[in-house]
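These notes concern the structure reproduced below.
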Amino acid sequence: MNWYLDVLKKYAVFNGRARRQEFWMFTLFNAIAAIIVAVVDMAIGSYPLLYAIYVLGVLLPALGVTVRRLHDTGRSGWWILIDLVPLVGAIILIVFLATEGESQQNAHGPNPKLAPAQ
């Protein structure tokens, strides 16, 4: 759960690097939270109002952690736009996001695995 909250604390931070674990744990908790919000929204009969508010609320943190994850692999954050290519773009983006980050410092900062725990 700390991974989810840490990403939310970096609400609109698009510089730096994010580890695979940070990205995928945020993605997991975000999906769980979205499902819970959607179920509650349907139960109270206001679907998709609460769900839309939740999605808009986590849009910038999700974009930020994705861009930081791409930075960790040595790619520009603009690679996120490859997702606009139907089918193939999503597969390529998932491969980029699942690839291990560069072990040395790159143009986007030091290796986050070697950073001291906060």
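General observations
- Enumeration of residues in the range 8-30 that are under 13 Å from Pro112 (Cβ atoms) and exposed (fewer than 15 other Cβ atoms within 10 Å of the Cβ): Asn15, Gln21
- Test: residue in the range 10-30 that is in contact (Cβ under 8 Å) with a residue 12 or more places away in the chain, of a type in the set (Asp, Glu) and out of contact with any strand residue (DSSP E or B) (no Cβ under 9 Å at 6 or more places or on another chain): yes
- Test for Leu5: is it exposed (fewer than 13 other Cβ atoms within 10 Å of the Cβ), under 18 Å from Ala115 (Cβ atoms) and of a type in the set (A, V, I, L, M, F, W, C): yes
- Pair list, Cβ < 8 Å and 6+ apart or interchain, from the range 37-65 residues that are closer than 20 Å to Tyr4 by Cβ to residues that are loosely packed, with under 13 Cβ neighbours inside 10 Å: Asp41/Leu49; Leu50/Ile44; Leu60/Tyr11; Leu60/Ala12; Pro61/Tyr11; Pro61/Ala12; Gly64/Tyr11; Gly64/Ala12
- Checking each residue in the range 56-98 for being in a helix (DSSP H, G or I), closer than 25 Å to Asn111 by Cβ and either charged (D, E, K, R) or touching a strand residue (DSSP E or B) at 6+ places or on another chain (Cβ under 8 Å) (or both) picks out Arg68, Arg69, His71, Asp72.
- Which listed residue is surrounded by 11 or more Cβ atoms within 10 Å (Cβ to Cβ), closer than 18 Å to Ala98 by Cβ and small (Gly, Ala, Ser), from Ala33, Ala62, Ala52: Ala62
- Checked against (1) within 15 Å of Thr27 (Cα to Cα); (2) among the hydroxyl-bearing types (Ser, Thr, Tyr); (3) modelled with pLDDT under 95, Ser103 passes all but a single condition, namely (1).
- Inside the range 47-87, residues that are touching a Lys or Arg at 6+ places or on another chain (Cβ under 6 Å) and of a type in the set (D, E, K, R) make up a count of 2.
The values are calculated or read from the model by the stated rules, or taken from the named source; none is laboratory data. Every value quoted in this text rests on a predicted model; they were computed, and no experiment measured them. Backbone-built Cβ (ideal geometry, glycine too); neighbour counts: all protein chains shown.
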